[in-house]
Structure formats: C-alpha cells, structure tokens
C-alpha cells in the first residue's frame, strides 16, 4: 500500500508546476511514513545555472531560530558529510558527540536538547553541479526508529525525485537558457569530443567561420564565458 502511495505521489511530482507543489508532495510522502522533521537543501553551481539556494525545512521553529543564531550552517556535520560522500549517513547524536571536536560538540549537544537525536542524511549530487541533501529526523523510540529505517531505500528514491523535479522547474524557468539549433548542437557535440573548429568544419562539411558562428551563438544562449564552460554547461543540462 505504501509503495503504491509513493508511486502515485512521484507521478504527481513529475507533473508539478511549481517548487511549492514539489515540496508539498515530498512532505506528504514523509508524513505517510511518520516523519515530522526534515530538511531539503541544494545550492546550484553558479557556473552552470544562476539560481538561488533551493531549500525547504519542516523542523521545530525554536531549533531553526537557534540554528540561525549560532550560525550552525557553517559547521553542520551533516552538510559536511553530504558534501564529501555519496553514501547515506544514519546518525546518532549521542554517539557523534563523543567523537566530535570542540567546534561540533555544541552543535550535537543542542541538537539533542531540541529533540533531534537520530536521523539520516541523504547526499544529493546534481548533474547541474553543487551539493545538496535530504536530512530526516528519526523517532527517538528505538522500535519506531527501526521501523522507519526499513524504508530507507524509499527515502533515497524520494530524495532523487525531489532533486530532478526541482532541476526541471529551474531549467524551465531560467530565461538565460535558450534552445539551441540542431546545427549548434552538432557543433557543440564535436567540440565536447575534443575536436578543433577546423576538424569540426571538415566533419560537418561546413566552413571554419560557420563553426565559430554556431559556437558563439551557443555560448550566448547558454550564458557561457568560454568554450570549456559552454561544453560543461551543455553536458550538465543534458543538451549533449
């Protein structure tokens, strides 16, 4: 029953037209699994996509206010773990505080005091660059926590779908990203393969200046400053 619910929600997410709709569907999924506190966060790479940090949080307001006051975003070990690893971290604040240094000990101590003792952090690696995560707080009751962890793979699926749909909406709304012509894509593909403008001209049976013309048009459309950034951005956006 829960799997059918998840599939239906993910289908709805694919049809969502706003970030708020995507977040609301994600929240409804987590609520179905009795998840009360969570946070999604992703900072797009500015060299690929000019967009603000994407985030949604459903955590105790007192904790979020304290978190901001202490500037914990700068030292949050969960963020650091997500940035360094592709593996999901299942964390226990009581255990981690024993291994922490003087910088992160206050963070874990405060997390415990605000009722966030256990959780999972799912790293998100975006093809648009930048690192992100879905962080979920687990129940303090050991039995309930064990039951929730049985659905870990479903939470990882959710994190993936949250990300690809947020990316989809960002790309659709980004006026700097314009459609490339077929010839511009062809030229760009050979450039990405490492071919020079002269080699690309011979392959496509067009002139050298025409290759440069198409590359320059593509660079303007994708708001890239040079050929290397152009190919990297085109690959990241799935154009080539």
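Tabulated values for the structure
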{"read-out": "Residue within segment 85-94 that is in the same structural domain as residue 140 (by TED's automatic domain parsing) and in a helix (DSSP H, G or I) present", "value": "yes"}
{"read-out": "Candidate set: segment 80-96, residues that are touching a residue at least 24 places away in the same chain (Cβ under 8 Å) and out of contact with any helix residue (DSSP H, G or I) (no Cβ under 8 Å at 6 or more places or on another chain); chosen: the one surrounded by the fewest Cβ atoms within 10 Å (Cβ to Cβ)", "value": "86"}
{"read-out": "Single residue of segment 120-137 satisfying the filter (under 16 Å from residue 37 (Cβ atoms) and touching a residue at least 60 places away in the same chain (Cβ under 8 Å)) that is farthest from the chain's Cα centre (by Cα)", "value": "137"}
{"read-out": "Considering residues of segment 142-161 that are within 12 Å of the chain's Cα centre (by Cα) and surrounded by 18 or more Cβ atoms within 10 Å (Cβ to Cβ) only, the residue nearest to residue 31 (Cα to Cα)", "value": "158"}
{"read-out": "Residues located in segment 162-190, provided they are surrounded by fewer than 18 Cβ atoms within 10 Å (Cβ to Cβ), touching a helix residue (DSSP H, G or I) at 6+ places or on another chain (Cβ under 6 Å) and modelled with pLDDT under 85", "value": "178"}
{"read-out": "Only one of 116, 134, 158 that is assigned by TED's automatic domain parsing to the domain that holds residue 15 and in a helix (DSSP H, G or I)", "value": "158"}
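The values are calculated or read from the model by the stated rules, or taken from the named source; none is laboratory data. What you see is a predicted model, and the numbers here were worked out from it, not measured in a lab. All Cβ positions, glycine included, derive from the backbone under ideal geometry; neighbour counts span all protein chains shown.
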